[in-house]
Structure formats: C-alpha cells, structure tokens
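Down below is the structure, laid out as structure tokens.
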Amino acid sequence: MAKIKLNGKEIEAPAGEKLLKVCLDRGAFVPHYCWHPGLTPAGNCRMCLVKVSNSRKLEVSCMYPVTENLEVTTEGPEVDAGRKAVLEYMLINHPLDCPICDKAGECDLQDYTYEYRGGLSRFEDEKVIRHTKDLGPDIRIWGNRCIVCTRCVRFCEEVTGTGELCVINRADRSVVDVFPGIPIDNPLSLNVVDLCPVGALIDKNFMYSARVWFARKQETVCASCSRGCNVETTVLDNEIKRMVPRPNPEVNQHWMCDEGRLNHRYVSSGRRIARAVGSAREIAETGRKLRFAGIVSTYATIEELWLFRKLMEALRAEHVGFLGLFRGERREFPGGFAIEADKTPNRAGAARVFGDEALVPGHQKVVAELHAGTIQGLLVMNGIPDFPIPPELVEAARKAQFLAVSDILRNPLEDFAHVILPGRTWAEKDGTFMNADGRVQRIRKVVEPPVEAKAETEWLQEALVALGAREKALSAEAVFREAMPGLDYGRLGRLGAKANGHA
C-alpha cells in the first residue's frame, strides 16, 4: 500500500494501481470515456486528466500508477481547462444528433459537455462525414458520433476473443468498423452497445423504442439460463423494452449474452394464457379423492418449488417429475464469462428443495405411472417459455382422470385440462433463483401480469389452506425463509449470496 494525497486528504491505495480507479473508488469522480473496469486501460480518449505532484503537465489518470507520497488533484482551473480542450476536439466533427439519438439521456458526451463546455464552437470548416451502416444483424453504427474510445474493439479482443471490430483510417477520419465480410455476430455482441459511451453503436432491437427519461428501470436477474446474469430492465407502458447487464463480479462480471438480453418478448406475447379455468381449491378437492402426481419445471422459483413440494406431500403424491431445457454445451469465453447449457434458471434450486436424485428421471417416471394406471390426477406447472411439451407427456396426460395445468404460453395440455391456471413470468413476480454456482439471487416484479394470472405462490398456498396443510397464505419472503433457513431477502441484497452447503 502507498500513502498518497487525494484532493488534500491522505489515503492509502495499492501501489501500482491505476490512479483513475483509486479516484473513482474513493468518490472523487473523474470524467472518462475509454476506461472501463472490465477492460484493459487504453489511455486514448484523454478525458481523465488530473494534476499530480511529480509531473509538470496534466496526466491521464487511467494509465498513471499510484506511487508513494503522490499528491493528486482532480478539480481546479488547470484541470478543467485541460478537459475543456479535450472535449473541444471531440466535438469538432460530432453531429448535433441528440434529439434523434437513442443514447440521449444516458450519454457521457452529453453530460460532460454540459459540465465543461459553454455551448459554442470555434470550428468553421466542414465536418468530416463517416459511415452509417449495419455492423451485424443486431448492431448499427453512426460513425459520425464515434469518438474512437476503442471500448468495443477491446471487448471483442479481450472478452469474446472473436476480434470482429477494428479502427480504420487515421486522425479525425478514424472510425470503428468490421473486417470485410466478417459481421459482429458473436453470442455477446450487444455488450458493445452498452460499452459505447456515446450513441455510435445502437441496438437495432431497441432503436427508436423509448426515451429513457419516460421509462422506468428495475433491477432483477435474467432467467434465460442457469448463469443468472444480473440485469436492469427498461420498462415503458408496462412492456419490457430493453434488458442490459449490471455488474456482479461473482456471476456475470459486466456482461450478458444476446440470447438472454432479447429473450423477453414472450412476456407481452399474444400467446399468453390469460384466462383461468377452475381454481386451486378444485385441485385440492379432487386431490382428496384421486392418487395424484406432479410435474414442475426448473423455471419455478425456490419459493414455488418449496410450496409445490408441500402440496405434493399434502396430496400424498408418491411421484414428482421435472421439466428442464438443455441446449448445446456450456460455453466459456476468454474473458471468463460463461453461457450455460441449462436454459432454465433454477435447476440448482430444485435440487436443493427435492434432492439431486429426484431430478435425474425428469418426467419419465410420472409418464410410466400414468400409462400403468396407478396415477389418476396430475398437476403440471411448467413456465418455460417457448418450450414444446414432450409428446410422450401429452399422450400420457390424456390418461389422467383429472389434469391441472399452470403455464405462461398456450400448449397442447391446455386443450384437455380440467383446471388451467395462467402462470406468471419471472418479470411479473418476486422470488429467488439459485444459479449454477449455488448463488441465490432475487428476481423482482418489473411489469404487471395479465389480469387473471395469479402468482404461483398464491394459488399453491390456496390449495394448501384448502387441504388444511397451512393455516394461511404467507408472503414470498416468508416462504423463502421456510425453504432456505438462515437466509432472507435482506441478506441477499443486490448481488445475491451463497446458500448453505455451497462453497
């Protein structure tokens, strides 16, 4: 550790650490473009100028190492003048696109210009015009807005290892482009849009969809695989317009995959089951008369799985089957980020509630018992989006005297089910998932569900109360404390926590 002075205050910082990181960590904000905590420093935007005691000129703090007895000043007339000069050069060829730019309201160039520039330009010549074109199936570039911070280029080199992006041309004609015939189409490609500090790189899926100052943002967790990436949703008119990653070093670093980012359209799909047929009480009343079995998916929350188990115990069901979805193989990228093959968010949670061995047969054991005639009643609680119900399960379910189904999208079981309970997606309820590493994380309600879509924790408890197995319905948090002793929502916080029994 080295002792330094930061704006006149003595602090300790790791020797050799980059000065910009120390300043940001200690609350001394320094404007910057090219620096990002998930990438190697480049020092090419020159915006993070500070005054240091052992140099007669202003230094770029993202490249300057901490040394013993260093004195650092992050504000003052000399520092402000340097930053104003840097911004003047950046704005020389920058177009006045703010009224039509999708980055408006989230743009660092807007914020720093407001802080350091007076709104006047001394530039009288014609601006350099650079390309506007598609770089890939989901990404478009407005080259005139590019400040050549190279965040996107470094991301494709360091994190994905695919290297599609590069900087072409020289001086004020420099701009980001793809190599000829090689579009940016890797599984993490849309992270470069998040990285872009201006509006040069735009997600074509979000383009012209919403102004961020009209939208509402909510933190939650992605449910598209068992990685459980931490995300922030942008919601307008009760519809998810965008999902972007939020940092969690233990789970997803600063990134998320394109599949998870775009996998939210089913939430507002016209294929949603919106009307209930029958009720949870009907399941309880029938369950007293018939031999029951249940099938639940690993898309359900920990709270729902716990209540499903209690309901099966109250119905004296001997068999519980599971639905899951695996696709491809686990893929890990050079930067350490991974995409899991398990496309459901809570298989580890299901193993915690029911035991690892219970998940191995999947739904096959229940199917066999249905064909054998030893099961007369069946409850299927799915919830996996765009998941084709296995044909053998559909065939076997026809043999049941009583079938209850809870799902989010229409499926073949709905055609002959006696009770249909519309399900809620991960975006419409509170609860928890356990990711592949055993980290328990909270999901939060970000949009309102269809009118008749009652939370699974509610109707499962209604059935339990009707059976006399529970005195009253509890909140999702209270159910979580039952299922996971020693943990509560407060301890999980924003980044989650490891469950007991996991390293």
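The values are calculated or read from the model by the stated rules, or taken from the named source; none is laboratory data. Nothing here was measured: the structure is a model prediction, and the numbers come from that model. Don't worry about glycine lacking a Cβ; one is built from the backbone with ideal geometry, like all the others, and counts go over all protein chains shown.
General remarks:
- Residues in segment 200-236 that are under 29 Å from ASP177 (Cα atoms), among the basic types (Lys, Arg) and touching a strand residue (DSSP E or B) at 6+ places or on another chain (Cβ under 7 Å): LYS204 only.
- When the criteria are applied in full, PRO345 meets the requirement of being buried (at least 24 other Cβ atoms within 10 Å of the Cβ), assigned to a loop (DSSP other than H, G, I, E, B) and in the same structural domain as ARG442 (by TED's automatic domain parsing).
- Counting only residues that are polar (S, T, N, Q) and free of Cβ contacts under 8 Å to residues at least 24 places away in the same chain, segment 402-448 holds 0 of them.
- Residues that are without any contact (Cβ under 8 Å) to a residue 40 or more places away in the chain number at least 3 in the following strands (runs of 3 or more DSSP E) confined to segment 162-280: 165-168, 230-236, 239-245.
- Single unsatisfied condition, SER475 versus (1) under 30 Å from LEU290 (Cβ atoms); (2) more than 20 Å from the chain's Cα centre (by Cα): (1)
- Within segment 72-110, restricting attention to residues that are assigned to a helix (DSSP H, G or I) and in contact (Cβ under 8 Å) with a residue 60 or more places away in the chain, the residue that is nearest to TRP213 (Cα to Cα) is ASP108.
- Check on VAL380, touching a residue at least 60 places away in the same chain (Cβ under 8 Å), assigned by TED's automatic domain parsing to the domain that holds LEU315, of a type outside the set (Lys, Arg) and surrounded by 15 or more Cβ atoms within 10 Å (Cβ to Cβ): yes
- Residues in segment 362-396 that are over 35 Å from the mean Cα position of the chain (by Cα) and of a type in the set (Gly, Ala, Ser): ALA368, ALA372, GLY373, GLY377, ALA396.
- As for segment 472-494, it holds at least one residue that is touching a residue at least 24 places away in the same chain (Cβ under 8 Å), closer than 21 Å to THR298 by Cβ and not in a helix (DSSP H, G or I).
Results for (1) modelled with pLDDT under 95; (2) more than 17 Å from GLY324 (Cα to Cα); (3) not basic (Lys, Arg), shown as yes or no for each residue.
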residue: GLY362; (1), (2), (3): yes, no, yes
residue: ILE408; (1), (2), (3): no, no, yes
residue: GLY423; (1), (2), (3): no, no, yes
residue: ARG442; (1), (2), (3): no, yes, no
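- All positions within segment 107-134 that are among the polar types (S, T, N, Q) and touching a strand residue (DSSP E or B) at 6+ places or on another chain (Cβ under 8 Å): THR132
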